[in-house]
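Novice: For reference, the structure I am asking about is given below.
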Amino acid sequence: MTRLLLDTRVWTALAVAALAALPFAVDAYTLSSLSGIISLGLLAVSVAVLTGTAGLPSLGQVAPYAFGMYTTVVLIRAGVTEAPVLLLASGAAAAVFCAVIGPAVVRTRGVVFLMLTLAVGELTAQAAQQWKAVSGGTDGSGRLDPTVPFWGLEPLVDEPAVYWYCLAVAVVVTALAGWAARSTPGSLVRGVRDNEARMRADGHRVGAYLLGVFVFAGMIAGIGGSLLVTSQRMVFPSDVSFSISALVLMAVVIGGAASLGGALVGAGAVILLRDWTAAYLPGQGPLVLGALFIAAVYLMPGGLAGVLERIGLRRRKEAT
Amino acid sequence: MDLLDAYLPHVIGGVTYGLLLFTVASGLTLAFGVADVLNLAHGTVFMVGGYAAYLVTDGSWWGLVLAALAGTAAGAVFGGALSGAIMPLAGRGHMMQALLTFGVSMVVGNLLVQVFGSAELRPDLPDVLEQPVVFLGHNYPAYHLLFIGAAGLLAAAGWLVVTRSRVGALVRAMVDDQDMVAALGVNPKLVLAGVLAVAGALAGLAGALGAPILGPSLHAANTVLLQSLVIVVVGGLGSIGGAFVAALLVGQVHTLGVALAPEWSPYLLFAAMAVALLVRRPPQLLVGGRTT
């Protein structure tokens with residue numbers, strides 16, 4: 001019985017079931033903000049893949065996220081609203097973007113990697129702002145057509161349908177990412193994270209592995225960007241600003257960098273907290289958020305998973 | 001020739017802005033090359049310097065000198081406080097530093113805006129400096145020319161300190177071998193705190209002297225931080241000379257680039273960064289300075 005209680009798979013299944021049942025319990029407004037949170041949750045998963053598996057802390061995953069987002073916007077404007085096309089195209093566009101900038105980016109480590117990804121993310125946000133034909137500038141993209149989940153099905157108009165769609169995509173993508181992290185390439189990438197010199201000496205092509213994981217993480221972020229368009233049906237350049245990057249980074253820190261599910265939960269916690277403070281302390285949002293960042297850094301080394309470990313609710317995993 | 005003449009004001013403006021950025025970025029590259037700290041609150045230190053200048057200037061020359069001193073002092077205090085806040089995070093990775101300093105920048109930046117309001121505040125300069133000056137057939141704000149001179153002097157002085165003085169030698173030694181510095185009887189932690197305070201002082205000074213050019217605001221803090229990051233990446237890690245060249249380049253992209261091709265200016269920064277990364281020999285970047 002204790003073993004069953006401690007098995008993460010049981011908890012994951014229960015959590016997914018509870019999330020799937022939410023539309024019967026909460027109102028439409030909450031559901032629509034939850035759909036947005038799921039989109040950012042995938043962005044957090046993408047950051048967790050890079051940070052946790054590859055040991056590359058990225059501040060710029062909003063860049064592939066933006067590519068996915070605007071690919072979906074362009075396709076929907078062109079009349080293509082079928083979800084499989086949107087998801088594949090958004091993931092592919094983000095992956096291509098990462099494959100182009102990747103060779104220069106994954107040559108760097110540590111602070112340089114942070115700075116470089118930060119600069120890439122910020123410049124992408126600025127470019128989105130400037131490219132008014134696609135983004136509409138600060139006015140946003142305008143109202144877009146709803147996404148059609150599959151050829152011949154009804155478009156996703158009401159909130160529960162949108163929510164279920166986002167949840168399903170996020171669960172599948174996260175499961176895929178988890179499976180990839182446990183696969184042989186995944187363990188090779190973890191090997192690079194733990195001892196790069198040794199991997200090089202063993203003849204592994206470290207650069208190629210890291211480029212692979214960078215592109216894979218970019219694809220996840222791109223799919224997340226596509227979900228945001230489906231859930232909000234109107235996107236703004238501010239959806240890909242640096243504060244979003246920082247928010248997601250914080251979600252990953254709270255969720256524990258190595259845990260993909262933790263990243264999703266962290267994203268939910270951080271964004272609900274942000275919206276809650278915005279409602280009760282109007283105009284003080286950034287201030288409270290900043291204070292939250294500082295508190296999280298000092299009080300939660302190892303994130304939620306670390307807290308659970310300390311109070312003995314969770315087996316200690318291999319140190320990351 | 002006419003074309004050159006027409007764009008000369010933009011070029012001079014670019015030099016002014018580039019030197020402003022250099023003053024900020026030299027602090028960032030110092031903090032980053034020597035102390036291995038990514039300080040996302042660096043733009044906010046710039047903002048603090050700008051508000052300090054606004055508070056102490058009264059239209060006299062003394063006020064201007066006082067503004068430079070006040071900005072420097074405020075920046076140094078901020079930088080020192082940041083180094084104290086970062087110390088307990090040793091060994092927990094750069095991500096935590098980035099998150100902490102970003103949190104600090106959000107809190108301090110928003111508090112400053114609440115105190116001073118969101119309107120752009122301009123320091124009160126001596127009247128002479130508000131007049132335009134004719135130079136090579138064009139009008140320039142006198143203050144910009146004064147700023148070029150002051151920032152140029154500052155860059156020269158900084159270069160002398162880093163390459164010729166004992167303190168500079170210690171700082172350079174920190175980059176190469178911290179343990180050796182400790183063995184010489186110097187507390188590396190003290191040097192690191194000092195470096196962060198100096199980095200803050202540079203940003204504060206830039207904020208104070210730069211306020212008439214780029215007034216303090218949240219937007220200015222973000223812009224300056226991003227452009228300084230690009231400068232540090234393009235110029236090479238912890239390299240002051242590289243930062244100088246890169247800052248002048250980014251300054252030109254910022255003013256001349258905007259004048260020539262407004263749509264393309266964000267991509268130009270991107271391109272400059274990509275070229276710098278690809279042209280430079282890999283080993284230098286491979287290990288990311290000393291962050292293995």
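Novice: With an 8 Å Cα cut-off and a minimum separation of 6 or more residues, compute the relative contact order for chain A in percent.
Specialist: 31 percent
Novice: May I ask which residue of A:178, A:284, A:70 lies farthest towards the positive end of the charge dipole of chain A, with charges of +1 (Lys, Arg) and -1 (Asp, Glu) on Cβ and the Cα centre as origin?
Specialist: A:178
Novice: How far is helix B:265-279 tilted, in degrees, relative to the longest principal axis of the Cα atoms in chain B, given as a value from 0 to 90 rounded to the nearest 10?
Specialist: That helix lies at roughly 40 degrees to the long axis.
Novice: Next up: Evaluate the charge dipole of the protein assembly as shown about its Cα centre and quote only its size in Debye, nearest 20, assuming +1 on the Cβ of each Lys and Arg and -1 on the Cβ of each Asp and Glu. Numbers along the way, then the final one.
Specialist: Details: 29 positive and 28 negative charges, 410 e Å.
For this selection, approximately 1960 debye.
Novice: Where the centre of each part is set by its Cα atoms, how far does the range A:24-52 sit from the range B:97-133, in angstrom?
Specialist: Centre-to-centre distance over Cα atoms comes out at 35 Å.
Novice: OK, next. Provide a list, ordered by number, of residues in the range B:7-48 showing at least 40 Å² less accessible area with every protein chain present than when their chain is taken on its own, using a 1.4 Å probe.
Specialist: B:32, B:38
Novice: Sticking with this one: If I model a spin label as a point 7 Å beyond the Cα along the Cα-Cβ vector, how far apart are those points for residue B:92 and residue B:111 in nm?
Specialist: Taking the simple label geometry, residue B:92 and residue B:111 are separated by 2.0 nm.
Novice: Which order, highest average first, do A:26-32, A:117-123 follow once you tally other Cβ atoms within 10 Å for each residue and take the mean per peptide? Walk me through the numbers before you get to the answer.
Specialist: Values: A:26-32: 14.3, A:117-123: 24.7.
Descending mean neighbour count gives A:117-123, A:26-32.
Novice: Pairs of alpha-carbon atoms within less than 8 angstrom and 6+ residues apart define the contacts here; what relative contact order does the range B:1-140 have, in percent? Intermediate results must be reported in sequence, preceding the final value.
Specialist: Details: 101 pairs, mean separation 39.6, N = 140.
Reported as a whole number, the value is 28 percent.
Novice: Also, I was wondering about something else. In the protein assembly as shown, if the dipole is taken from +1 on Lys/Arg beta carbons and -1 on Asp/Glu beta carbons about the Cα centre, which of A:227, B:181, A:29 is farthest to the positive end?
Specialist: B:181
Novice: Could you tell me which residue out of B:132, A:58, A:161 lies farthest along the dipole of the protein assembly as shown toward its positive end? Charges go on the beta carbon: Lys and Arg +1, Asp and Glu -1, centred on the Cα centre.
Specialist: So the residue we want is A:58.
Novice: Oh, and also: Given a Förster distance of 22 angstrom, what is the FRET efficiency for residue B:139 paired with residue B:58, based on the Cβ-Cβ distance and rounded to 0.05?
Specialist: On the way: r = 26 Å, r/R0 = 1.19.
Between residue B:139 and residue B:58 the formula returns 0.25.
Novice: Same structure again: Using modelled amide H (1.01 Å from N, peptide plane; none on Pro or chain starts), what sits under 5 Å from the amide H of residue A:82, excluding residues fewer than 5 places away?
Specialist: So residue A:82 has HN proximity to A:148.
Novice: Note down the magnitude of the dipole of chain B about its Cα centre, charges +1 on Lys and Arg C-beta and -1 on Asp and Glu C-beta and zero elsewhere, to the nearest 20 debye.
Specialist: Working: 9 positive and 12 negative charges, 183 e Å.
Roughly 880 debye, rounded to the nearest 20.
Novice: Let me know the mean shielding of B:225-235 by other chains, meaning the per-residue number of their Cβ atoms within 10 Å of its Cβ. Mind showing how you got there, number by number?
Specialist: Working: counts 3, 8, 2, 1, 7, 6, 1, 5, 6, 1, 0.
The mean count of partner-chain Cβ atoms within 10 Å per residue comes to 4.
Novice: Carbon and sulfur atoms: what percent of the 1.4 Å accessible area of the range B:2-286 do they account for? Walk me through the numbers before you get to the answer.
Specialist: On the way: 8540 of 12180 Å².
Carbon plus sulfur share of accessible area: 70 percent.
Novice: Right, something else. Normalised by the residues of the range B:2-286, what does the relative contact order come to in percent, with Cα pairs under 8 Å and at least six apart?
Specialist: So the answer I get is 39 percent.
Novice: Further, regarding this structure: Any chance you could give the angle, 0 to 90 degrees and rounded to 10, that helix B:166-176 forms with the longest Cα principal axis of chain B?
Specialist: Result, in degrees: 60.
Novice: Oh, and also: Given N residues in chain B, what is its alpha carbon radius of gyration divided by 2.2 N^0.38 Å? Numbers along the way, then the final one.
Specialist: Values: Rg = 19.0 Å, N = 292, 2.2 N^0.38 = 19.0 Å.
Dividing the Cα radius of gyration by 2.2 N^0.38 Å gives 1.00.
Novice: Ranked highest first by average number of other Cβ atoms within 10 Å, how do B:180-191, B:51-62, B:25-36, B:240-251 line up?
Specialist: Values: B:180-191: 12.9, B:51-62: 18.5, B:25-36: 27.2, B:240-251: 22.3.
Descending packing order for the listed peptides: B:25-36, B:240-251, B:51-62, B:180-191.
Novice: Using the Kyte-Doolittle scale, find the helices of chain A whose mean hydropathy is at least 0.5 and whose Cα atoms extend 18 Å or more along the helix's long axis, counting only whole DSSP H runs. Before the final figure, lay out each step's value.
Specialist: Working: long enough: A:8-21 (20 Å, 1.43); A:28-48 (29 Å, 1.67); A:62-77 (22 Å, 1.17); A:83-105 (32 Å, 2.07); A:110-130 (30 Å, 1.12); A:159-182 (34 Å, 1.19); A:206-232 (39 Å, 1.64); A:242-255 (19 Å, 2.54); A:260-280 (30 Å, 1.17); A:285-299 (20 Å, 2.17).
Length and hydropathy pass: A:8-21, A:28-48, A:62-77, A:83-105, A:110-130, A:159-182, A:206-232, A:242-255, A:260-280, A:285-299.
Novice: Here is a follow-up. Under 5 Å between amide hydrogens, which residues at least 5 positions from residue A:235 or on another chain qualify, with H placed 1.01 Å from N in the peptide plane?
Specialist: Here A:141, A:142 satisfy the definition.
Novice: Further question on the same structure: Run the accessible area of the range A:81-180 with a 1.4 Å probe and give the carbon-and-sulfur part as a rounded percent. Could you put the intermediate results ahead of the total?
Specialist: Numbers: 2810 of 4060 Å².
The C+S portion of the solvent-accessible surface of the range A:81-180 is 69 percent.
Novice: Right, another one. Carbon and sulfur together cover what percent of the accessible area of the range A:181-252 at a 1.4 Å probe radius?
Specialist: Working: 1520 of 2710 Å².
On the range A:181-252, the fraction of accessible area on carbon and sulfur atoms equals 56 percent.
Novice: Here's something else I'd like to know. Please average, across the residues of A:120-129, the number of beta carbons from any other chain that are within 10 Å of each residue's own beta carbon, and give a whole number.
Specialist: Numbers: counts 3, 1, 9, 9, 2, 2, 7, 7, 1, 1.
Per residue, the average neighbour count from other chains is 4.
Novice: Buried accessible area for the B:A pair, summed, 1.4 Å probe, in Å² rounded to 100?
Specialist: Working: alone 14660 and 15970 Å², together 26680 Å².
Using a 1.4 Å probe, the pair buries roughly 4000 Å².
Novice: So how tilted is helix B:188-210 from the main axis of chain B? Cα-based, degrees 0 to 90, rounded to 10.
Specialist: In chain B, helix B:188-210 runs at an angle near 10 degrees to the longest axis.
Novice: In addition: With every protein chain present, what is the per residue accessible area of the protein assembly as shown (1.4 Å probe, Å²)?
Specialist: Numbers: 26680 Å² over 612 residues.
Heavy-atom SASA per residue in the protein assembly as shown reads 44 Å².
The values are calculated or read from the model by the stated rules, or taken from the named source; none is laboratory data. Treat the numbers as computed from the prediction; the structure is a model and nothing was measured. FYI the Cβ positions are ideal-geometry reconstructions off the backbone, even for glycines, and counts take in every protein chain you see. Areas reflect the complete protein model, heavy atoms only, side chains present, ligands, DNA and RNA absent. Shrake-Rupley method; radii C 1.70, N 1.55, O 1.52, S 1.80 Å.
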